[in-house]
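A short worksheet on the structure shown next.
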Amino acid sequence: MAHLYDRVALIGLGLIAGSMFHAIKRAGLAKEVVGYARSAETRDVAREIGLCDRVVDSAAQAVEGADLVMLCVPVGAMGAVAAEIAPSLQQGALVSDVGSTKAAVIEAVTPHLPEGVHFIPAHPLAGTEQSGPKSGFAELFDNRWCLLTPQEGTDPAMLLKYKSFWEGLGSKVDEMDAQHHDLVLAVTSHTPHLIAYTMVGVADDLGRVTDSEVVQYSAAGFRDFTRIAASDPTMWRDVFLANKDATLEILGRFTEELFALQRAIRTGDGDHLHDYFTRTRAIRRGIIEAGQDTDAPNFGRNAK
Ligand code: NAP
């Protein structure tokens, strides 16, 4: 593919930025990729492993002359980073981000951006529990959704080009209102993460009682929870603080359903449990039919 941008600046050099770099190179989407991370340690690792064509020592330097600037830091840091780069942004540049929540990021970033600079927020629905500059890989976004949440007045040509960029990275692209995005993600990602964190915490408390049984007999369900609960603590702290309302709304509904199931178990209402599990099984089939997961047993992993 012919390059879409002359210079892409990646601010933050973790899993998402690293994967973007590799995918940009795979598809030849930019002439040059410049990177910056706040710690000297991360910048040194990035230089060592050849992550980015150039790694520079300030965010301001990274965005100079860039026609696409990607904010790839935790959502709670987006506002401060936007303030730091604002005076150095090139007229006509597009600023975007990959934050897992959208309304709070828009609120934090928009006030800092100068006239003549565009902003189109994005969220690639792709990730792993790994983080840091060595964790990225080119295939991360392949066949995964990237949700764009453009605001009113967004330049249609800018949007079209940016959409092609994510398609070039391997994604399927959709557009959504930021508030709606936050509610959808509270259901599909944020609340499930909180449940996984809680379940692993509960098992850890139990583990102290039952020695190593929790780890030794860790079956698929619990193992999957531990994988999710190993996700980056800073990123997830920021997600819940930034998507407070939607997460609390979904947690409220979750708690009600949990109580209903708890009551069905206590009163021996097997029909309730069976009907419920039949409904949820159909949802899993729907996910597989939509090509969003594999129907291989144990998610295609080798049972050990
Ligand atoms: P990551 O691997 O932990 O990398 C985060 C990067 O941000 C690091 O380079 C870190 O710098 C920098 N950073 C951390 N705190 C900062 C601060 N206060 N100010 C400036 N820079 C800071 O994270 P990631 O998984 O790539 O996530 C980046 C963004 O993508 C987040 O907004 C997250 O919500 C979003 N996202 C993540 C996933 C996922 O599954 N991981 C999926 C979709 C979207 P140092 O290395 O110098 O500490």
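The values are calculated or read from the model by the stated rules, or taken from the named source; none is laboratory data. The model shown is predicted, which means the values in this text are computed figures rather than measured ones. All Cβ positions, even for glycine, are placed from backbone atoms using ideal geometry, and neighbour counts span all protein chains on display. Side chains are part of the model used for accessible areas, which takes the heavy atoms of the whole protein and leaves out ligands, DNA and RNA. Shrake-Rupley method; radii C 1.70, N 1.55, O 1.52, S 1.80 Å.
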Exercise for the section: With respect to residue 83, determine if the residue is within 26 Å of residue 142 (Cβ to Cβ) and either more than 10 Å from the ligand (Cβ to nearest atom) or not β-branched (Val, Ile, Thr) (or both). Expected result: no
Exercise for the section: Name the residue, out of 96, 135, that is more than 11 Å from the ligand (Cβ to nearest atom), in the same structural domain as residue 17 (by TED's automatic domain parsing) and polar (S, T, N, Q). Expected result: 96
Handout entry: Residue in the range 1-22 that is farthest from the ligand (Cβ to nearest atom), counting only those that are surrounded by fewer than 23 Cβ atoms within 10 Å (Cβ to Cβ) and either of a type in the set (Lys, Arg) or at pLDDT 95 or above (or both)
Key = 6
Exercise for the section: Being in contact with a Gly (Cβ under 9 Å, 6 or more places away or on another chain) and more than 7 Å from the ligand (Cβ to nearest atom) is the filter here, so list the residues in the range 62-77 that pass it. Expected result: 62, 67, 70, 71
Handout entry: Neighbours by Cβ (under 6 Å, 6+ apart or cross-chain): first from the range 38-65, part of a loop (DSSP other than H, G, I, E, B) and open to solvent by less than 30 Å² (accessible area, probe 1.4 Å); second within 12 Å of the ligand (Cβ to nearest atom) and not aliphatic (A, V, I, L, M)
Key = 51/18; 51/21; 51/133; 52/21; 52/35; 56/36
Fill in the blank from the handout: If you go through 185, 206, the only one that is loosely packed, with under 12 Cβ neighbours inside 10 Å, assigned to a helix (DSSP H, G or I) and in contact with a helix residue (DSSP H, G or I) (Cβ under 9 Å, 6 or more places away or on another chain) is 206
Exercise for the section: Inspect all residues belonging to the range 45-63 and state whether any of them is under 22 Å from the mean Cα position of the chain (by Cα) and more than 24 Å from residue 236 (Cα to Cα). Expected result: yes
Completion exercise
Within the range 99-132, residues being near the ligand (Cβ under 10 Å from one of its atoms) and more than 19 Å from residue 243 (Cα to Cα) number 5
Handout entry: Selection status of residue 231, touching a His at 6+ places or on another chain (Cβ under 7 Å) and closer than 28 Å to residue 23 by Cα
Key = yes
Practice task
Tell me, please, whether a residue that is assigned to a strand (DSSP E or B), farther than 21 Å from residue 129 by Cα and within 19 Å of the chain's Cα centre (by Cα) can be found in the range 15-34.
Solution key: no
Completion exercise
Of the candidates 159, 185, the one satisfying the condition of being modelled with pLDDT of 95 or more and either in the same structural domain as residue 63 (by TED's automatic domain parsing) or over 30 Å from residue 258 (Cβ atoms) (or both) is 159
Handout entry: Number of positions in the range 67-87 that are out of contact with any strand residue (DSSP E or B) (no Cβ under 8 Å at 6 or more places or on another chain) and either part of a strand (DSSP E or B) or open to solvent by 30 Å² or more (accessible area, probe 1.4 Å) (or both)
Key = 7
Handout entry: Positions within the range 239-290 being exposed (fewer than 11 other Cβ atoms within 10 Å of the Cβ) and not in a helix (DSSP H, G or I), in sequence order
Key = 268, 290
